[in-house]
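Structure first, then comments.
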Amino acid sequence: MESINGDETEPTVCAFANIDPRNDYPPPDPEFVELFNYGVSPQLAVALQSTQAAFILNFSCPIEQAWDRLRAAQQLTGSLAAATGGLIWDAETRQIFTPGAWQEIRVDRWTRPTPDVDDHTIIHAYEINGQMRVVTLGMAKFGLPDVVVNQVPLSVCSNVGQLVSAFCQAIADRPVVDRSGEFDLDYRRLRPNATGAAPLTVRMGEHHDGDPMNRLLEITFDRGPGQDAGARRHAILCAAFDSGASIVPAAHNDALAAASRSARAELPALRAAFNEGLPPGEFMQVKAAFEGPDGTREYMWVDVVTWNGDEITGPLANKPFNIAGLHPGQVVVVAQSTVFDYKHKRSDGTIDGNETERHIISTLN
């Protein structure tokens, strides 16, 4: 066939060659390839810019045949690429593969009736007004909607990504929602020995620029316990990842005070770096004291969303133990002049700061 419109009632392939791909199907630039490739060397990414021809394959089939036909389509695509020495561009996930990497990830790893969804999709996360938007690409290949979660604090973005991945696998394994707008995600999909389920709410999502051209399903945490959206999200994620906090009493001695002074000396530079814009995958938190009953104080972490002068705003990352009126996820404002410590998590996973907590732990051992 010359084209596919999505209304086909039988397995269909549209295949054609293009001899001017740099204009009609421009290859991704080397910087993009570096981020979203499997097996493609920097030299090959540069050579790709001078490609002379492209072979385009579009596949369609009835949804009840999705798994068998997708597997066959991927085997065919891999064989053509291997025979011609070409690279494979997956337009749904916006990833590029060498034939060998494609064979390993998209073909050989598919060993059961339903594949590992992570091998066939990708999750993108990007910042909007200090919070993250997490969205999948590639679910259309299964005849399923892509998935989005909005207004995610940077500090829990990784956990939300894992939850989205587990949800996508669940609807691929069993694409049925028993109750309209509700989905109970078995915690065992996240932790093998867990019990119970995450009470998720699902609804039609709103498309943003750059989203996949597919139906969009939004996950929210409206069914979780708590006073507001932040508290409900915190409760569900803590249960899903067994990440409840513990309280550690600490004596404020000279060594702890010195560690705090050292941290506070870094705050002006951190504020400047934050307002210049952190690289993708990085975030900052500050530790501040919150007044409790009878003169007690609880030191808790706050995700930095805005940092204007002395004023730092963001959601509370911890659950207070004895302070009424505060709850995790609640947006609070703290003064830079009262900050006790900081954490700067970098994109490679390393964490700068947090010296006061390290000192406290060392005194307990």
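Restricting attention to the range 55-93, and to residues there that are among the polar types (S, T, N, Q) and farther than 16 Å from residue 110 by Cβ, which single residue is farthest from the chain's Cα centre (by Cα)?
84
What's the number of the condition residue 88 fails, among (1) touching a residue at least 24 places away in the same chain (Cβ under 8 Å); (2) buried (at least 17 other Cβ atoms within 10 Å of the Cβ)?
For residue 88, the exception is condition (1).
For the range 274-298, enumerate the residues that are without any contact (Cβ under 8 Å) to a residue 12 or more places away in the chain, surrounded by 13 or more Cβ atoms within 10 Å (Cβ to Cβ) and not basic (Lys, Arg).
278
Please verify whether residue 100 is over 26 Å from the mean Cα position of the chain (by Cα) and surrounded by fewer than 13 Cβ atoms within 10 Å (Cβ to Cβ), treating the condition exactly as stated.
no
Looking only at the range 106-124, count how many residues are out of contact with any strand residue (DSSP E or B) (no Cβ under 7 Å at 6 or more places or on another chain), of a type in the set (S, T, N, Q) and touching a residue at least 40 places away in the same chain (Cβ under 8 Å).
1
Can you name every one of the helices (runs of 4 or more DSSP H) wholly within the range 29-139 that holds 3 or more residues which are charged (D, E, K, R) and either at pLDDT 95 or above or not assigned by TED's automatic domain parsing to the domain that holds residue 314 (or both)?
Passing ranges, in order: 66-84.
Which of the residues that make up the range 178-197 are closer than 17 Å to residue 150 by Cβ and either surrounded by 19 or more Cβ atoms within 10 Å (Cβ to Cβ) or of a type in the set (A, V, I, L, M) (or both)?
183, the sole residue that qualifies.
State the number of residues belonging to the range 143-159 that are buried (at least 19 other Cβ atoms within 10 Å of the Cβ) and modelled with pLDDT of 95 or more.
Total meeting the criteria: 6.
Applying the selection to the range 339-356, what residues are acidic (Asp, Glu) and touching a strand residue (DSSP E or B) at 6+ places or on another chain (Cβ under 7 Å)?
Across the range 339-356, the qualifying residues are 341, 352, 355.
Listed here are the residues, each with its yes/no results for (1) touching a residue at least 12 places away in the same chain (Cβ under 8 Å); (2) at positive phi.
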| residue | (1), (2) |
| --- | --- |
| 9 | yes, no |
| 39 | yes, yes |
| 48 | yes, no |
| 57 | yes, no |
| 76 | yes, no |
| 104 | no, no |
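Please state which one of 217, 163, 185 is assigned to a helix (DSSP H, G or I), modelled with pLDDT of 85 or more and aliphatic (A, V, I, L, M).
Sole residue among the options that is assigned to a helix (DSSP H, G or I), modelled with pLDDT of 85 or more and aliphatic (A, V, I, L, M): 163.
Condition check ((1) under 19 Å from residue 157 (Cβ atoms); (2) surrounded by 21 or more Cβ atoms within 10 Å (Cβ to Cβ); (3) β-branched (Val, Ile, Thr); (4) in the same structural domain as residue 35 (by TED's automatic domain parsing)) across all residues:
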{"residue": "302", "(1), (2), (3), (4)": "yes, yes, yes, no"}
{"residue": "313", "(1), (2), (3), (4)": "yes, no, yes, no"}
{"residue": "324", "(1), (2), (3), (4)": "no, no, no, no"}
{"residue": "327", "(1), (2), (3), (4)": "no, no, no, no"}
{"residue": "344", "(1), (2), (3), (4)": "yes, no, no, no"}
{"residue": "347", "(1), (2), (3), (4)": "yes, no, no, no"}
{"residue": "351", "(1), (2), (3), (4)": "yes, no, yes, no"}
{"residue": "355", "(1), (2), (3), (4)": "no, no, no, no"}
{"residue": "359", "(1), (2), (3), (4)": "no, no, no, no"}
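Out of 200, 190, I need the residue that is in contact with a Lys or Arg (Cβ under 8 Å, 6 or more places away or on another chain), aliphatic (A, V, I, L, M) and assigned by TED's automatic domain parsing to the domain that holds residue 168. Which one?
200
Going by the conditions given, is residue 210 within 19 Å of the chain's Cα centre (by Cα), at positive phi and assigned by TED's automatic domain parsing to the domain that holds residue 187?
The answer is yes for residue 210.
Condition check: in contact with a Ser or Thr (Cβ under 8 Å, 6 or more places away or on another chain) and on the phi > 0 side of the Ramachandran plot. Does residue 281 satisfy that?
yes
The values are calculated or read from the model by the stated rules, or taken from the named source; none is laboratory data. Not measured: the values here are computed from a predicted model. Quick reminder, even Gly has a Cβ in these numbers, built from the backbone with ideal geometry, and neighbours come from all protein chains shown.
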